[in-house]
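A.B. asks: Please find one structure pasted underneath; my questions will follow.
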Amino acid sequence: MCTGIAIYGTEEIAPADAFDIGLSFFEVIGVGVNGGSYFEHLEHGDHERDHDLFEISPKQLREKVATGDCDSFFLYHSRKGSVPWYAAFNRQTSEYGSFPHLTALCELPLEEVYLPIKAWLTNLTQQYPRLSYGIVYSVNHMTKAYSYAAGNNGVAMFLYEDRYAFNKETPGRYDGKGRYTGEMLRMIYPLNVINIRHLKIEFNGVTLKEWITDNEQRGRLTDIGNDLWLWEVEMEQLEQINQVCGEAGLLVAWKAQLTKKLYR
């Protein structure tokens with residue numbers, strides 16, 4: 001299994017800072033960086049704003065980022081038997097058909113890296129308090145982990161998840177409303193970084209914060225400062241919590257089921 005992390009609300013994180021965030025991710029999972037690549041528009045492409053991905057050494061990539069010559073890029077660790085990478089970090093903007101977000105991936109099961117990733121995210125939100133939302137998820141292949149962060153290629157984590165709803169909600173190419181940064185949540189995951197606006201969402205007569213803290217089976221909230229919280233949910237509780245929140249209209253990608261189990 002692979003672990004994916006998607007971080008949203010990254011518009012104000014400079015490319016050089018994102019590069020350092022990427023390096024810190026590799027450090028916490030105990031893996032070195034041995035490759036890099038960056039997006040660039042093609043001067044003689046078939047269509048306006050055609051672009052491609054160009055391979056480069058990590059050292060050269062750092063130099064290009066520092067001089068402002070690239071702002072969307074990959075850092076990665078490749079090894080034999082891992083497709084396409086063993087670990088990777090990606091910064092995206094609205095420039096190349098995507099939207100602003102950071103993605104971190106590794107070919108390690110979530111239970112093995114959960115604690116270091118939790119600590120990494122906590123530290124990250126303290127350094128960059130304007131981050132608005134983050135999710136940590138588990139999937140069976142690295143390409144799926146990468147696609148899921150942006151809502152691409154119809155990848156879903158749950159049977160009760162609309163495969164294309166999040167993609168349409170994103171800004172940039174799809175000009176979506178981006179409500180997941182405060183008015184709604186994408187879905188509920190084992191580890192969620194949420195903000196004060198999320199916790200003030202009202203449903204069934206209570207706020208989300210009141211609903212979570214009313215029952216220990218709804219996960220654990222930890223205040224990490226700067227109006228941000230970690231919401232940790234046990235795997236066996238995910239379906240129940242997603243159903244309640246989905247049916248209440250809180251989830252961007254919720255897909256109603258024909259046969260329902262009602263939870264309260």
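The values are calculated or read from the model by the stated rules, or taken from the named source; none is laboratory data. Computed from a predicted structure; not experimentally measured. Positions of Cβ are backbone-derived with ideal geometry, glycine not excepted, and every protein chain shown enters the neighbour counts. Accessible surface is based on the protein model in full, side chains and every heavy atom, while ligands, DNA and RNA are left aside. Shrake-Rupley method; radii C 1.70, N 1.55, O 1.52, S 1.80 Å.
Matching residues to (1) open to solvent by 30 Å² or more (accessible area, probe 1.4 Å); (2) in contact with a Gly (Cβ under 9 Å, 6 or more places away or on another chain):
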| site | (1), (2) |
| --- | --- |
| GLU169 | no, yes |
| GLY176 | no, no |
| GLU183 | yes, no |
| MET187 | no, yes |
| ASN192 | no, yes |
| LEU199 | no, no |
| GLY205 | yes, no |
| ILE212 | no, yes |
| ASN215 | yes, no |
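A.B. asks: Cβ contacts < 6 Å: first residue within 12 Å of ASP20 (Cα to Cα) and without any contact (Cβ under 8 Å) to a residue 40 or more places away in the chain, restricted to segment 57-84; second residue assigned to a loop (DSSP other than H, G, I, E, B) and not polar (S, T, N, Q), any location; separation 6+ or different chain. Result?
C.D. replies: Matching pairs, first to second residue: PRO58/VAL33.
A.B. asks: Quick check on this structure: which one of ALA145, ALA104, ALA88 is without any contact (Cβ under 8 Å) to a residue 60 or more places away in the chain and either open to solvent by less than 10 Å² (accessible area, probe 1.4 Å) or β-branched (Val, Ile, Thr) (or both)?
C.D. replies: Selected residue: ALA88, the only one of ALA145, ALA104, ALA88 that is without any contact (Cβ under 8 Å) to a residue 60 or more places away in the chain and either open to solvent by less than 10 Å² (accessible area, probe 1.4 Å) or β-branched (Val, Ile, Thr) (or both).
A.B. asks: Here's a follow-up. When you check LEU230 against the structure, is it touching a residue at least 60 places away in the same chain (Cβ under 8 Å) and open to solvent by less than 30 Å² (accessible area, probe 1.4 Å), yes or no?
C.D. replies: Criteria met by LEU230.
A.B. asks: Can you tell me which residues in segment 71-127 are farther than 16 Å from SER24 by Cα and in contact with a Pro (Cβ under 9 Å, 6 or more places away or on another chain)?
C.D. replies: ASP71, SER72, SER78, GLN92, THR93, SER94, PHE99, PRO100, LEU110
A.B. asks: Okay, next question. Give all pairs with beta carbons closer than 6 Å in which a residue from segment 21-38 that is farther than 20 Å from THR10 by Cβ meets a residue that is open to solvent by 40 Å² or more (accessible area, probe 1.4 Å) and outside any helix (DSSP H, G or I); count only pairs at least 6 apart in sequence or on separate chains.
C.D. replies: Close Cβ pairs (under 6 Å, with a partner that is open to solvent by 40 Å² or more (accessible area, probe 1.4 Å) and outside any helix (DSSP H, G or I)) amount to GLY35/SER78.
A.B. asks: Is it the case that LEU131 is in contact (Cβ under 8 Å) with a residue 40 or more places away in the chain, crowded, with 20+ Cβ neighbours inside 10 Å, under 15 Å from the mean Cα position of the chain (by Cα) and part of a loop (DSSP other than H, G, I, E, B)? Explain how you work it out, then say what you get.
C.D. replies: Numbers: in contact (Cβ under 8 Å) with a residue 40 or more places away in the chain: yes; crowded, with 20+ Cβ neighbours inside 10 Å: yes; under 15 Å from the mean Cα position of the chain (by Cα): yes; part of a loop (DSSP other than H, G, I, E, B): yes.
Against the criterion (in contact (Cβ under 8 Å) with a residue 40 or more places away in the chain, crowded, with 20+ Cβ neighbours inside 10 Å, under 15 Å from the mean Cα position of the chain (by Cα) and part of a loop (DSSP other than H, G, I, E, B)), LEU131 qualifies.
A.B. asks: Considering only segment 107-117, how many residues are part of a helix (DSSP H, G or I) and open to solvent by 50 Å² or more (accessible area, probe 1.4 Å)? I'd like the intermediate steps shown before the answer.
C.D. replies: Of segment 107-117, the ones part of a helix (DSSP H, G or I) are 110-117.
Those still in the list that are open to solvent by 50 Å² or more (accessible area, probe 1.4 Å) too: 111-112, 115.
Total satisfying the criteria: 3.
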